[in-house]
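The values are calculated or read from the model by the stated rules, or taken from the named source; none is laboratory data. Worth saying up front: this structure is predicted, and the values here are computed from it rather than measured. Here the Cβ positions follow ideal geometry from the backbone for every residue, glycine too, while neighbour counts run over all protein chains shown.
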Amino acid sequence: MKKTYCGQLNLKNVGQKVDLYGWISNKRKFKNQTFVDLRDSTGICQLIFINISDPSLTKESCIWVKGQVNKRLEANKELASGEIEVLVEDYKILNTAKQIPFEINKYDSANEDLRLEYRFLDLRNEKMLDRLRLRHKLFLNLRNFFDKEGFVEFETPILSKSTPEGARDYLVPTRRKGKFFALPQSPQLYKQLLMASGVEKYFQIARVFRDEDLRKDRQPEFVQLDVEMSFATMEDVFELCEKMWKTTLEPLGFKVKTPFPHMKYYDALAYYGTDKPDTRFEYLISDISTNVKSNYKYAKAIFFDKNVDEHISAINEIFSKNAGEKLEIANVNSHVFQELKNIKELAKIENPTIFISYGNNEENTLKSLGAIRTHLNSIFQLADPNKMNFLWIVDWPMFEWNEMEKKYDAAHHPFTQFEESTLKYLKTGELEKVRAKSYDNVLNGFELASGSIRIYDPKVQEMMFDVLKISKAEQKSKFGFFLKAFDYGLPPHCGIGFGLERLLMILTNSMSIRDVIAFPKNAKGIDLMSQAPSEITEDQLNEYGLKLQK
Ligand code: ASP
């Protein structure tokens, strides 16, 4: 008998004998009949057992059945196979399931840690599997797209040297005592070396590792769509990426409007209080520094037309978590605002509630208000969930002040080309005014990608390292292998790297990036299923020449 699948049976099969393998998704008894929803990789179909009451037919047991397809008296419109049922003639329990730790179909109410511990059960849920199937289709479409565009996929090493993306490295000890590999934070140096090799058009769906504080859109290991091109401009990168999302996402049912708008970094900050603005909803920031009297240099405001009374304490907390200095929330008619000049005209909405962020550090004044704007969206669902607002953020600062180490860091990475017109600020020491030829791709308030035009002149690269106070010795030990290419015909090149799981999280409306990864780590970076990371033995420590601190 030919193997058949639950989700594929329909009226055409009525009268046939079929053979099915699957799991018991649900079970109901009615007099001498037992109804079972049998689930396999294609979907669900209803089985009827008559005069068979087998206690081993437990939920989530794996079984084989043989039976006859009959038309149902009453169709179930929710199921593809809802017009038929299978009358069981023979069956075998292949593996009995114990009492399951959570209801697979009600996983939303189950504890996430428990779901992660039993991830193989969690993935039996159709909704979970559908997300991973979408992931597969997207990756397939991407590979086909790049192949058609003349790009070649190269794999770069996992056991490698540190790449400067700004996070902590994951290190791998070796038996060559005192020598460590670093897992790549990105294939950055390798892809630039491939340009030196004359590859010209490179891409990779690459696994990368960053040991940083986890958030709902971060995992210690994730997948990056990494792209690099020689002899190309920023516009070439934008055009390629816009075509890429249109070509790969539209067949999957997502509408992509191109070209993507461009927004300057400082405008994003000024109007949205973030470098990854969600442009699906309004309530932009206004500068009211000259309209109010206060002891602070800056006053920035959002005018809002909904009642926030219940949310005041959460809003205050978010404000201070984001380094806000002083926040005032009140109705426009409140005595608090009696001294404000022209505020009603500025507001453009009737009778608004005003949020004013006061501060002496402009960036923090804006960012803390931007965080409130994002929070207001999560409370009031201001953004249309069906919209996909892709956006390029351009004209970035080159450097970022590192308060802890009292020095400047590269805002993107140290291989990014300077915006020539701002090079003069290197001489005057006004490093915050130096701009970079870098760009971010943003979607609905999430940073999807970063990229840049790269330095290919060894003198410029040296100048960059000098500004970043990376000593000659450090340059040699960290990047020596890479810097050699600057002396052997390195072509002009540029590229970008996308976080694919972040995109999948947005596309599937998932609560976290964990939902689009088959076996993710939990919010604390632990794989609850295998309990990794775990301790190693004294012998292993000795082999690596390592000693644990007490
Ligand atoms: N390596 C960069 C990153 O991971 C992307 C790029 O510049 O291509 O952010």
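Of the residues making up region 228-254, just one is in contact with a helix residue (DSSP H, G or I) (Cβ under 6 Å, 6 or more places away or on another chain), in a strand (DSSP E or B) and not hydroxyl-bearing (Ser, Thr, Tyr), namely 228.
If you filter region 378-407 down to residues that are of a type in the set (A, V, I, L, M) and free of Cβ contacts under 8 Å to residues at least 60 places away in the same chain, you find that the one that is nearest to residue 256 (Cα to Cα) is 398. Looking at residue 233, is it surrounded by fewer than 19 Cβ atoms within 10 Å (Cβ to Cβ), of a type in the set (Ser, Thr, Tyr), away from the ligand (no atom under 16 Å from the Cβ) and in contact (Cβ under 8 Å) with a residue 40 or more places away in the chain? So residue 233 does not fit the description; no.
Please find, within region 264-289, the residue that is surrounded by the fewest Cβ atoms within 10 Å (Cβ to Cβ) out of those that are among the small types (Gly, Ala, Ser) and part of a helix (DSSP H, G or I). Ranking the qualifying residues of region 264-289, first place goes to 270. Considering (1) modelled with pLDDT of 95 or more; (2) out of contact with any Cys (no Cβ under 6 Å at 6 or more places or on another chain), the lone condition that residue 40 does not fulfil carries the number (2). Given the criteria of a type in the set (S, T, N, Q) and either within 16 Å of the ligand (Cβ to nearest atom) or modelled with pLDDT under 95 (or both), does residue 186 qualify? When the stated conditions are applied, residue 186 passes them. Here is the figure for region 160-180: residues that are touching a residue at least 60 places away in the same chain (Cβ under 8 Å), within 27 Å of residue 416 (Cβ to Cβ) and either in contact with a Cys (Cβ under 8 Å, 6 or more places away or on another chain) or away from the ligand (no atom under 16 Å from the Cβ) (or both) total 0. Among the residues of region 149-185, those identified as among the small types (Gly, Ala, Ser), under 23 Å from the mean Cα position of the chain (by Cα) and part of a loop (DSSP other than H, G, I, E, B) are 162, 166, 167.
A count restricted to region 186-204 and to residues that are in contact with a strand residue (DSSP E or B) (Cβ under 6 Å, 6 or more places away or on another chain) and not in a helix (DSSP H, G or I) stands at 7. Say we look at region 97-139 and pick out the residues that are assigned to a loop (DSSP other than H, G, I, E, B) and basic (Lys, Arg); which of these is nearest to residue 501 (Cα to Cα)? The extreme case among them is 124. Screening 518, 485, 473, 449 for residues that are within 16 Å of the ligand (Cβ to nearest atom) and either at pLDDT 95 or above or loosely packed, with under 13 Cβ neighbours inside 10 Å (or both) leaves exactly one candidate, 449. Among residues of region 512-532 that are farther than 12 Å from residue 117 by Cα, those with a Cβ under 7 angstrom from a residue that is of a type in the set (Lys, Arg) and at pLDDT below 95, sequence gap 6+ or separate chain, pair up as 512/216; 513/216; 513/218.
Considering only residues that are surrounded by fewer than 18 Cβ atoms within 10 Å (Cβ to Cβ) and in contact with an Asp or Glu (Cβ under 7 Å, 6 or more places away or on another chain), look in region 236-263 and name the one that is farthest from residue 393 (Cα to Cα). Across region 236-263, the extreme among qualifying residues is 256. Among the residues of region 128-175, those that are under 23 Å from residue 546 (Cβ atoms), at pLDDT 95 or above and of a type in the set (A, V, I, L, M) comprise 158, 159, 171, 172. Here residue 464 clears all of (1) farther than 30 Å from residue 142 by Cα; (2) among the aliphatic types (A, V, I, L, M); (3) within 16 Å of the ligand (Cβ to nearest atom); (4) touching a Ser or Thr at 6+ places or on another chain (Cβ under 6 Å) except the condition numbered (4). Checking each residue in region 205-222 for being within 13 Å of the ligand (Cβ to nearest atom), of a type outside the set (Val, Ile, Thr) and not in a loop (DSSP other than H, G, I, E, B) picks out 206, 207, 209, 222.
Within region 71-94, one or more residues are loosely packed, with under 14 Cβ neighbours inside 10 Å, in contact with a Ser or Thr (Cβ under 9 Å, 6 or more places away or on another chain), of a type outside the set (Asp, Glu) and more than 30 Å from residue 511 (Cβ to Cβ). When region 34-89 is filtered for residues that are among the hydroxyl-bearing types (Ser, Thr, Tyr) and more than 18 Å from residue 23 (Cβ to Cβ), only 53 remains. Within region 492-509, the set of residues being within 16 Å of the ligand (Cβ to nearest atom) and either buried (at least 17 other Cβ atoms within 10 Å of the Cβ) or not in a loop (DSSP other than H, G, I, E, B) (or both) comprises 493, 494, 495, 496, 497, 498, 499, 500, 501, 502, 503. Can you find a residue that is in contact with a strand residue (DSSP E or B) (Cβ under 6 Å, 6 or more places away or on another chain) and over 30 Å from residue 512 (Cβ atoms) anywhere in region 96-107? No, every residue in region 96-107 fails to be in contact with a strand residue (DSSP E or B) (Cβ under 6 Å, 6 or more places away or on another chain) and over 30 Å from residue 512 (Cβ atoms). Restricting attention to region 307-319, does a residue exist that is at pLDDT below 95, crowded, with 17+ Cβ neighbours inside 10 Å and not β-branched (Val, Ile, Thr)? No, because not a single residue in region 307-319 is at pLDDT below 95, crowded, with 17+ Cβ neighbours inside 10 Å and not β-branched (Val, Ile, Thr). Within region 61-99, being free of Cβ contacts under 8 Å to residues at least 60 places away in the same chain, of a type in the set (Val, Ile, Thr) and closer than 11 Å to residue 48 by Cα holds for 65, 88. Screening the candidates 349, 393, 356 for the property of being within 30 Å of residue 232 (Cβ to Cβ), in contact with an Asp or Glu (Cβ under 7 Å, 6 or more places away or on another chain) and of a type in the set (A, V, I, L, M, F, W, C) yields one hit, 393. Are any of the residues in region 368-380 closer than 30 Å to residue 243 by Cα and of a type in the set (Ser, Thr, Tyr)? Yes - at least one qualifying residue is present in region 368-380.
Among the strands (runs of 3 or more DSSP E) confined to region 1-79, the ones with at least 1 residues that are more than 20 Å from residue 120 (Cβ to Cβ), within 44 Å of the chain's Cα centre (by Cα) and acidic (Asp, Glu) are located at 17-30.
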